[in-house]
Amino acid sequence: MSASSRLKLFRPILAGANLRDRMLACTGALVGIGLTGLISGLAATDAQQMLWLVPPMGASAVLLFAVPASPMAQPWPAIGGNVVSALVGLLVAHNMPLSALSAGIAVGVAIGVMSLLRCLHPPGGAAALVGLFAGASSSYAFPLLPVGLNAVVLVATAWVYHRFAGHSYPHVAAPPPAKTTESELPWTFSRADLDAALDRTGETFDIDVNDLERLLREIEQRALARSYRDLTCADIMHGGVVAARLTMPVDEVRALLVQHDVRRLPILDDEGRIVGAVGLRELSAFSASLGETMTAATTAEPDMPAIGLLDRFAVDRVHAVFIVDAERRPLGVVTEADWLAVLRRGLA
């Protein structure tokens, strides 16, 4: 196995994970478990319980510090899941002898109760076994002390830690970007499509559905932005270019501009090739002929990437780019309004 292949074994398996976050998670877990053991030990009444810490807290720490955006790592699942599961295990211990069957019942019932109470937390399965193993001799206060105290201290530590780590905790999903207008881009998805796809997969994913939608919207926006680079001038131009002949009187050209409500007209020679362009601003000054009034026309080839026109609109401040063939005959025109319509399809 090559060195690069061996290094791949150490890459995080979680989407979005990076080395910095993993190292910070290790530090957070160290501090969190340490403080939880210390504070719970101070609350213990028996000198033999100086480290009053239940094993499920180790698993809870993985979720709280390494994947704080997980729905199962939020405060209510972390606290409620551990406490409820420990109580379930204790109730089973009080009503039937310790056995493989009682262990299965404790964990199975704990999963069901956590699901009903919306506090599903994987370490809760271990908390149910801890409650079961605590036995019928244990007090019904056991789910609160030490399990509940452990969970509260650990969650509080995670809350403080994530203030410094720059993560959102408790995690609140940010609103997704505005949905692209479906009438203009029929391939965009709706929230109903997302819900239907999740139902169809028949799988459970450890991500809030709002986070999933936001992620997919970001992907949609990036894909659309990338598609701009694949657009050519021919894709966004409109045909039927209104043009003036070089021999036309200035007054007729001015009337043509007003009649068609366009900012610039291409000027064509006798063979239909663009030799210049003119707008009302140029025609406001008296001139005997178009040849003296017109200025250079901004042109582009039809297969040119449309993204290349942005500088002409934004930097050169042109109002229209005429798309021409190899002989400089007009094929169409791209205006500022055409580009704004393209951008609107991506941002609407």
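The values are calculated or read from the model by the stated rules, or taken from the named source; none is laboratory data. Keep in mind that this is a model prediction, so the values were computed, not measured. Note that we place each Cβ from the backbone using ideal geometry, even for glycine, and neighbour counts take in every protein chain shown.
Surrounded by fewer than 14 Cβ atoms within 10 Å (Cβ to Cβ) and either assigned by TED's automatic domain parsing to the domain that holds Asn18 or in a helix (DSSP H, G or I) (or both): is that true of Ser115 in this structure?
yes
Could you give every pair whose Cβ atoms fall below 8 Å, whose first residue belongs to the range 152-163 and is in a helix (DSSP H, G or I), and whose second residue is surrounded by 21 or more Cβ atoms within 10 Å (Cβ to Cβ) and of a type in the set (Ser, Thr, Tyr), counting only separations of at least 6 or pairs across chains?
Val153/Thr36; Val153/Ser40; Leu154/Thr36; Leu154/Ser60; Thr157/Thr36
Could you please let me know if Gly135 is farther than 19 Å from Ala59 by Cα and in the same structural domain as Val88 (by TED's automatic domain parsing)?
yes
Do we have any residue at all in the range 66-82 that's touching a helix residue (DSSP H, G or I) at 6+ places or on another chain (Cβ under 8 Å), β-branched (Val, Ile, Thr) and closer than 20 Å to Ala128 by Cα?
yes
Confirm whether Pro146 is surrounded by 12 or more Cβ atoms within 10 Å (Cβ to Cβ), out of contact with any Asp or Glu (no Cβ under 9 Å at 6 or more places or on another chain) and either assigned to a loop (DSSP other than H, G, I, E, B) or modelled with pLDDT of 85 or more (or both).
Here the answer is yes, as Pro146 does meet what is asked.
Quick check on Leu132: is it surrounded by fewer than 24 Cβ atoms within 10 Å (Cβ to Cβ) and not polar (S, T, N, Q)?
Considered against the rule, which asks whether it is surrounded by fewer than 24 Cβ atoms within 10 Å (Cβ to Cβ) and not polar (S, T, N, Q), Leu132 comes out as no.
Looking at the range 29-73, which of its residues are among the polar types (S, T, N, Q) and at pLDDT 95 or above?
Ser60, the sole residue that qualifies.
Among the numbered criteria (1) within 30 Å of Gly308 (Cβ to Cβ); (2) of a type in the set (Ser, Thr, Tyr); (3) at pLDDT below 80, which one does Thr232 miss?
Single failed check for Thr232: (3).
I want to confirm something. Restricting to the range 265-304 and keeping residues that are touching a residue at least 60 places away in the same chain (Cβ under 8 Å) and out of contact with any helix residue (DSSP H, G or I) (no Cβ under 8 Å at 6 or more places or on another chain), which single residue is farthest from Val342 (Cα to Cα)?
So, considering only residues that are touching a residue at least 60 places away in the same chain (Cβ under 8 Å) and out of contact with any helix residue (DSSP H, G or I) (no Cβ under 8 Å at 6 or more places or on another chain), the one farthest from Val342 (Cα to Cα) is Leu268.
Specify which of the listed residues (Ala127, Ala141) is at pLDDT below 95 and either more than 27 Å from Asp206 (Cβ to Cβ) or assigned to a helix (DSSP H, G or I) (or both).
Testing whether each residue is at pLDDT below 95 and either more than 27 Å from Asp206 (Cβ to Cβ) or assigned to a helix (DSSP H, G or I) (or both) leaves just Ala141.
How many residues are among the aromatic types (Phe, Trp, Tyr) and within 12 Å of Pro122 (Cα to Cα) when one looks only at the range 52-91?
Of the residues in that region, 0 qualify.
Select from the range 25-39 the residues that are under 12 Å from Val62 (Cα atoms) and surrounded by 15 or more Cβ atoms within 10 Å (Cβ to Cβ) and write down the one among them that is nearest to the chain's Cα centre (by Cα).
Ala25
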